[in-house]
Amino acid sequence: MDVCERAKKIAAQLQKEAGMPRVGFILGSGWGGAAHLEEERAVAFSSLEGMPVCTVAGHAGNFLFGKEGGNSAVISQGRLHLYEGHAAATAVLPVAVLYELGVRTVVLTNAAGGIDPAMQPSELMLLRDHINLTGQNPLVGRAGSQIFADMTQLYDAELRQTVASACRALSIPCREGVYIQVTGPSYETPAEIRAFRAMGADAVGMSTAIEAVFARYLGMRVAGISCITNMAAGVSEGKLDHADVLAQSKRNSRAIGALVRELVRVL
Ligand code: HPA
(Lines give C-alpha, C1' and ligand atoms only; values in the text may rest on other atoms or scores of the structure.)
Protein backbone atom coordinates (compact mmCIF):
# COMPACT_ATOMS: atom_id res chain seq x y z
CA MET A 1 0.00 0.00 0.00
CA ASP A 2 1.17 3.52 -0.81
CA VAL A 3 2.74 5.32 2.18
CA CYS A 4 0.20 8.17 2.05
CA GLU A 5 -2.75 5.72 2.05
CA ARG A 6 -1.14 3.90 4.93
CA ALA A 7 -0.62 7.18 6.81
CA LYS A 8 -4.30 8.12 6.31
CA LYS A 9 -5.38 4.85 7.94
CA ILE A 10 -3.01 5.37 10.88
CA ALA A 11 -4.03 9.03 11.30
CA ALA A 12 -7.70 7.96 11.40
CA GLN A 13 -6.91 5.74 14.41
CA LEU A 14 -5.21 8.71 16.13
CA GLN A 15 -7.91 11.25 15.39
CA LYS A 16 -9.65 11.13 18.75
CA GLU A 17 -6.40 11.87 20.66
CA ALA A 18 -4.99 14.30 18.14
CA GLY A 19 -6.85 17.62 18.45
CA MET A 20 -5.52 19.98 15.79
CA PRO A 21 -1.72 19.88 16.07
CA ARG A 22 -0.08 22.90 14.41
CA VAL A 23 3.43 21.60 14.67
CA GLY A 24 4.95 18.14 14.54
CA PHE A 25 8.28 16.70 15.65
CA ILE A 26 10.17 13.56 14.79
CA LEU A 27 12.46 12.95 17.74
CA GLY A 28 15.51 10.80 17.15
CA SER A 29 17.99 8.91 19.31
CA GLY A 30 17.88 10.27 22.83
CA TRP A 31 15.56 13.17 21.91
CA GLY A 32 12.31 11.25 22.34
CA GLY A 33 12.51 10.56 26.07
CA ALA A 34 13.30 14.21 26.78
CA ALA A 35 10.04 15.60 25.51
CA HIS A 36 7.07 16.27 27.74
CA LEU A 37 4.04 18.41 27.04
CA GLU A 38 1.04 19.64 28.99
CA GLU A 39 -2.06 17.41 28.87
CA GLU A 40 0.12 14.71 27.36
CA ARG A 41 -1.30 11.52 25.79
CA ALA A 42 0.91 8.80 24.30
CA VAL A 43 -0.19 6.24 21.71
CA ALA A 44 2.24 3.36 21.12
CA PHE A 45 3.15 2.56 17.49
CA SER A 46 2.47 -1.08 18.43
CA SER A 47 -1.19 -0.29 19.15
CA LEU A 48 -1.77 1.13 15.66
CA GLU A 49 -2.75 -1.14 12.80
CA GLY A 50 -0.34 -0.66 9.89
CA MET A 51 2.40 1.04 11.95
CA PRO A 52 5.73 -0.79 12.21
CA VAL A 53 7.32 -0.91 15.67
CA CYS A 54 10.68 0.70 16.50
CA THR A 55 13.46 -1.84 16.95
CA VAL A 56 16.20 0.55 18.10
CA ALA A 57 17.28 1.30 21.68
CA GLY A 58 16.56 4.93 22.49
CA HIS A 59 13.43 5.09 20.31
CA ALA A 60 10.26 4.65 22.35
CA GLY A 61 7.89 4.28 19.40
CA ASN A 62 5.00 6.53 20.45
CA PHE A 63 2.97 9.35 19.05
CA LEU A 64 2.76 11.88 21.86
CA PHE A 65 0.05 14.55 21.81
CA GLY A 66 -0.05 17.59 24.04
CA LYS A 67 0.04 21.35 24.36
CA GLU A 68 2.34 24.14 25.37
CA GLY A 69 1.23 27.75 25.72
CA GLY A 70 -2.14 26.83 24.24
CA ASN A 71 -0.62 25.38 21.04
CA SER A 72 -1.20 21.72 20.19
CA ALA A 73 1.62 19.53 18.95
CA VAL A 74 2.29 15.95 17.99
CA ILE A 75 5.61 14.28 18.59
CA SER A 76 6.76 11.06 16.98
CA GLN A 77 9.00 9.60 19.70
CA GLY A 78 11.13 7.48 17.43
CA ARG A 79 11.32 6.91 13.72
CA LEU A 80 11.83 4.18 11.14
CA HIS A 81 15.36 3.81 9.79
CA LEU A 82 16.71 2.40 6.55
CA TYR A 83 19.06 0.23 8.63
CA GLU A 84 16.07 -1.52 10.23
CA GLY A 85 15.35 -2.83 6.75
CA HIS A 86 12.72 -0.26 5.76
CA ALA A 87 12.66 1.08 2.22
CA ALA A 88 12.90 4.87 1.99
CA ALA A 89 9.20 5.04 1.03
CA THR A 90 8.31 3.28 4.32
CA ALA A 91 10.83 5.10 6.52
CA VAL A 92 8.97 8.37 5.86
CA LEU A 93 5.69 6.97 7.25
CA PRO A 94 5.83 8.97 10.54
CA VAL A 95 6.21 12.20 8.51
CA ALA A 96 3.23 11.22 6.35
CA VAL A 97 1.17 10.48 9.50
CA LEU A 98 1.96 13.95 10.92
CA TYR A 99 0.89 15.46 7.61
CA GLU A 100 -2.41 13.55 7.66
CA LEU A 101 -3.03 14.84 11.21
CA GLY A 102 -2.88 18.40 9.83
CA VAL A 103 0.74 19.30 10.66
CA ARG A 104 2.29 21.73 8.18
CA THR A 105 5.45 22.63 10.12
CA VAL A 106 7.72 19.74 11.03
CA VAL A 107 10.90 19.70 13.12
CA LEU A 108 13.14 16.71 12.39
CA THR A 109 15.73 15.89 15.04
CA ASN A 110 18.55 13.39 15.27
CA ALA A 111 21.77 12.43 16.99
CA ALA A 112 24.81 13.03 14.81
CA GLY A 113 28.57 12.72 14.73
CA GLY A 114 30.48 15.99 14.42
CA ILE A 115 32.71 16.16 11.33
CA ASP A 116 33.72 19.82 11.66
CA PRO A 117 36.47 19.65 14.31
CA ALA A 118 35.27 22.99 15.73
CA MET A 119 32.14 21.23 16.98
CA GLN A 120 31.75 19.77 20.41
CA PRO A 121 29.62 16.94 21.71
CA SER A 122 26.43 18.30 23.30
CA GLU A 123 26.14 21.19 20.83
CA LEU A 124 23.16 21.45 18.52
CA MET A 125 23.48 21.94 14.78
CA LEU A 126 20.62 23.52 12.85
CA LEU A 127 20.49 22.01 9.38
CA ARG A 128 21.14 24.59 6.67
CA ASP A 129 21.20 21.88 4.02
CA HIS A 130 21.84 18.17 3.61
CA ILE A 131 23.57 15.59 1.45
CA ASN A 132 21.57 12.40 0.94
CA LEU A 133 24.22 9.72 0.54
CA THR A 134 21.86 6.79 1.07
CA GLY A 135 21.35 6.14 -2.64
CA GLN A 136 17.60 6.10 -1.91
CA ASN A 137 14.86 8.63 -2.40
CA PRO A 138 11.39 8.26 -0.86
CA LEU A 139 9.73 9.69 -3.98
CA VAL A 140 10.89 6.85 -6.24
CA GLY A 141 7.89 5.02 -7.66
CA ARG A 142 5.39 7.81 -6.98
CA ALA A 143 3.35 9.35 -9.77
CA GLY A 144 2.76 12.99 -10.69
CA SER A 145 4.94 15.95 -11.57
CA GLN A 146 5.36 16.98 -7.89
CA ILE A 147 7.94 14.20 -7.54
CA PHE A 148 10.43 16.56 -9.20
CA ALA A 149 10.34 18.58 -5.99
CA ASP A 150 12.59 21.62 -5.61
CA MET A 151 15.16 21.22 -2.82
CA THR A 152 17.06 24.52 -3.16
CA GLN A 153 15.71 25.89 0.15
CA LEU A 154 14.62 22.73 1.85
CA TYR A 155 15.30 23.85 5.43
CA ASP A 156 13.16 26.95 6.00
CA ALA A 157 15.33 30.03 6.75
CA GLU A 158 12.68 31.68 8.92
CA LEU A 159 12.19 28.52 10.98
CA ARG A 160 15.95 28.30 11.42
CA GLN A 161 15.99 31.81 12.88
CA THR A 162 13.14 30.90 15.22
CA VAL A 163 14.99 27.80 16.44
CA ALA A 164 18.25 29.77 16.81
CA SER A 165 16.58 32.44 18.94
CA ALA A 166 14.85 29.78 21.06
CA CYS A 167 18.31 28.22 21.63
CA ARG A 168 19.75 31.63 22.55
CA ALA A 169 16.92 32.28 25.00
CA LEU A 170 17.61 28.91 26.65
CA SER A 171 21.43 29.31 26.54
CA ILE A 172 21.78 26.18 24.38
CA PRO A 173 24.89 26.31 22.18
CA CYS A 174 24.00 25.84 18.52
CA ARG A 175 25.44 26.49 15.09
CA GLU A 176 24.33 25.93 11.50
CA GLY A 177 25.73 23.28 9.23
CA VAL A 178 25.29 20.65 6.54
CA TYR A 179 24.11 17.16 7.53
CA ILE A 180 24.98 14.04 5.57
CA GLN A 181 22.71 11.00 5.80
CA VAL A 182 24.19 7.54 5.41
CA THR A 183 22.28 4.28 5.77
CA GLY A 184 24.29 2.82 8.67
CA PRO A 185 23.98 0.81 10.80
CA SER A 186 27.76 0.49 11.10
CA TYR A 187 29.53 3.73 11.92
CA GLU A 188 31.80 5.28 9.33
CA THR A 189 35.47 4.71 8.73
CA PRO A 190 37.88 7.63 9.24
CA ALA A 191 38.49 7.70 5.46
CA GLU A 192 34.75 8.05 4.83
CA ILE A 193 34.55 10.93 7.29
CA ARG A 194 37.47 12.70 5.56
CA ALA A 195 35.63 12.26 2.25
CA PHE A 196 32.38 13.64 3.73
CA ARG A 197 34.25 16.67 5.05
CA ALA A 198 35.65 17.32 1.57
CA MET A 199 32.08 17.08 0.24
CA GLY A 200 30.99 19.89 2.58
CA ALA A 201 29.35 17.96 5.41
CA ASP A 202 29.60 19.18 9.01
CA ALA A 203 27.78 16.30 10.75
CA VAL A 204 26.81 12.72 9.89
CA GLY A 205 23.85 10.58 10.87
CA MET A 206 21.52 7.81 9.75
CA SER A 207 18.19 9.60 9.28
CA THR A 208 16.42 12.87 8.53
CA ALA A 209 17.43 13.76 4.93
CA ILE A 210 14.92 11.42 3.30
CA GLU A 211 12.22 12.57 5.75
CA ALA A 212 12.96 16.20 4.86
CA VAL A 213 12.63 15.38 1.15
CA PHE A 214 9.25 13.75 1.74
CA ALA A 215 8.02 16.57 4.00
CA ARG A 216 8.94 19.13 1.33
CA TYR A 217 7.17 17.03 -1.34
CA LEU A 218 4.05 17.15 0.87
CA GLY A 219 4.40 20.95 1.10
CA MET A 220 5.44 21.18 4.75
CA ARG A 221 7.82 23.75 6.26
CA VAL A 222 10.87 21.83 7.47
CA ALA A 223 13.42 22.42 10.22
CA GLY A 224 16.22 19.99 11.13
CA ILE A 225 18.21 19.88 14.37
CA SER A 226 21.12 17.56 15.14
CA CYS A 227 22.40 16.93 18.63
CA ILE A 228 26.13 16.32 18.26
CA THR A 229 26.61 13.28 20.46
CA ASN A 230 30.17 12.39 19.48
CA MET A 231 32.92 13.42 17.13
CA ALA A 232 32.78 11.32 13.95
CA ALA A 233 35.23 8.47 13.32
CA GLY A 234 38.83 9.67 13.22
CA VAL A 235 37.97 13.29 14.18
CA SER A 236 38.85 12.50 17.74
CA GLU A 237 40.48 9.50 19.37
CA GLY A 238 38.40 6.58 20.52
CA LYS A 239 35.79 4.18 19.23
CA LEU A 240 32.13 4.81 18.52
CA ASP A 241 29.39 3.10 20.46
CA HIS A 242 25.58 3.50 20.28
CA ALA A 243 25.44 3.40 24.11
CA ASP A 244 27.76 6.45 24.29
CA VAL A 245 25.60 8.24 21.72
CA LEU A 246 22.52 7.61 23.87
CA ALA A 247 24.38 8.60 27.06
CA GLN A 248 25.39 11.93 25.53
CA SER A 249 21.81 12.59 24.36
CA LYS A 250 20.65 11.81 27.86
CA ARG A 251 23.05 14.38 29.32
CA ASN A 252 21.42 16.88 26.95
CA SER A 253 17.89 15.83 27.68
CA ARG A 254 16.93 18.71 29.95
CA ALA A 255 18.02 21.28 27.34
CA ILE A 256 16.39 19.31 24.54
CA GLY A 257 13.09 18.99 26.42
CA ALA A 258 13.07 22.74 27.11
CA LEU A 259 13.76 23.49 23.45
CA VAL A 260 10.93 21.25 22.21
CA ARG A 261 8.48 22.90 24.61
CA GLU A 262 9.62 26.39 23.62
CA LEU A 263 9.25 25.55 19.92
CA VAL A 264 5.66 24.35 20.46
CA ARG A 265 4.97 27.71 22.14
CA VAL A 266 6.46 29.86 19.38
CA LEU A 267 5.88 27.94 16.14
N1 HPA B 1 27.81 8.52 12.64
C2 HPA B 1 26.60 8.21 12.16
N3 HPA B 1 25.49 8.38 12.85
C4 HPA B 1 25.59 8.88 14.11
C5 HPA B 1 26.83 9.23 14.66
C6 HPA B 1 28.00 9.03 13.88
O7 HPA B 1 29.14 9.32 14.32
N8 HPA B 1 26.58 9.69 15.91
C9 HPA B 1 25.24 9.65 16.09
N10 HPA B 1 24.63 9.15 14.99
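The values are calculated or read from the model by the stated rules, or taken from the named source; none is laboratory data. Quick caveat: nothing in here was measured; it's all calculated off a predicted structure. Here Cβ is always computed from backbone atoms with ideal geometry, including for glycine, and neighbour counts include all displayed protein chains. With ligands, DNA and RNA removed, areas are computed over all heavy atoms of the protein, side chains included. Shrake-Rupley method; radii C 1.70, N 1.55, O 1.52, S 1.80 Å.
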Inset, instruction - Among the residues of region 101-115, write down those that are open to solvent by 10 Å² or more (accessible area, probe 1.4 Å) and not in a loop (DSSP other than H, G, I, E, B). - result: Thr105, Ala111
Legend entry - Some residue of region 49-69 being under 20 Å from Val163 (Cα atoms), out of contact with any strand residue (DSSP E or B) (no Cβ under 6 Å at 6 or more places or on another chain), in contact (Cβ under 8 Å) with a residue 40 or more places away in the chain and open to solvent by 40 Å² or more (accessible area, probe 1.4 Å): yes
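Tell me the residue from Phe214, Phe196 that is away from the ligand (no atom under 13 Å from the Cβ), more than 21 Å from Cys167 (Cβ to Cβ) and open to solvent by less than 30 Å² (accessible area, probe 1.4 Å), please.
Numbers: Phe196 fails: away from the ligand (no atom under 13 Å from the Cβ).
Only one candidate passes the filter, namely Phe214.
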Legend entry - Filter pass, Ser122 being assigned to a loop (DSSP other than H, G, I, E, B), more than 14 Å from the ligand (Cβ to nearest atom), on the phi > 0 side of the Ramachandran plot and at pLDDT below 95: no
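Considering only region 70-80, state which residues are in contact (Cβ under 8 Å) with a residue 12 or more places away in the chain and open to solvent by 10 Å² or more (accessible area, probe 1.4 Å). Working first, answer last.
Within region 70-80, the subset in contact (Cβ under 8 Å) with a residue 12 or more places away in the chain is 71-80.
Correct list: Asn71, Ser72, Gln77.
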Inset, instruction - Might you check whether a residue that is over 30 Å from Gly144 (Cβ atoms), basic (Lys, Arg) and part of a helix (DSSP H, G or I) occurs anywhere in region 16-38? - result: yes
Inset, instruction - For residues that are at pLDDT 90 or above and touching a Gly at 6+ places or on another chain (Cβ under 8 Å), scanning just region 40-58, find the one that is nearest to Ser207 (Cα to Cα). - result: Phe45
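Please go through region 33-48 and give me each residue that is among the hydrophobic types (A, V, I, L, M, F, W, C) and surrounded by 17 or more Cβ atoms within 10 Å (Cβ to Cβ), ordered by number.
Within region 33-48, Ala34, Ala35, Leu37, Val43, Phe45, Leu48 qualify.
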Legend entry - Boolean, Val163 is open to solvent by less than 30 Å² (accessible area, probe 1.4 Å) and either more than 16 Å from the ligand (Cβ to nearest atom) or under 23 Å from Val260 (Cβ atoms) (or both): yes
Legend entry - Filter result for the condition that a residue is crowded, with 18+ Cβ neighbours inside 10 Å, among the charged types (D, E, K, R) and either modelled with pLDDT of 95 or more or in a strand (DSSP E or B) (or both), over Glu188, Glu158, Glu176: Glu188
Legend entry - Set Arg168, Arg160: member being without any contact (Cβ under 8 Å) to a residue 40 or more places away in the chain and at negative phi: Arg168
Legend entry - Failed item in (1) within 11 Å of the ligand (Cβ to nearest atom); (2) touching a strand residue (DSSP E or B) at 6+ places or on another chain (Cβ under 9 Å), with Pro185 passing the rest: (2)
Inset, instruction - Give region 30-69 a look and list any residue that's aliphatic (A, V, I, L, M) and within 16 Å of Thr109 (Cβ to Cβ), or say none. - result: Ala34, Ala35, Leu37, Val56, Ala60, Leu64
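Among the residues of region 82-100, count how many are in contact (Cβ under 8 Å) with a residue 40 or more places away in the chain, outside any helix (DSSP H, G or I) and open to solvent by 10 Å² or more (accessible area, probe 1.4 Å). Show your work before the answer.
Our first condition is that a residue be in contact (Cβ under 8 Å) with a residue 40 or more places away in the chain; within region 82-100, this holds for 82-83, 87-100.
Narrowing further to those that are outside any helix (DSSP H, G or I): 87, 92.
The next check asks that each one be open to solvent by 10 Å² or more (accessible area, probe 1.4 Å); those that pass are 87.
Total meeting the criteria: 1.
Taking the options Asp244, Asp202, Asp156, name whichever one is within 20 Å of Gly78 (Cβ to Cβ) and touching a strand residue (DSSP E or B) at 6+ places or on another chain (Cβ under 7 Å).
On the way: Asp202 fails: within 20 Å of Gly78 (Cβ to Cβ); Asp156 fails: within 20 Å of Gly78 (Cβ to Cβ).
From the options Asp244, Asp202, Asp156, the qualifying one is Asp244.
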Inset, instruction - Go through region 10-30 residue by residue and tally those that are open to solvent by 20 Å² or more (accessible area, probe 1.4 Å) and hydrophobic (A, V, I, L, M, F, W, C). - result: 2
Legend entry - Subset of region 217-249 (residues that are within 13 Å of the ligand (Cβ to nearest atom) and in a helix (DSSP H, G or I)): His242, Ala243, Asp244, Val245, Leu246, Ala247, Gln248, Ser249
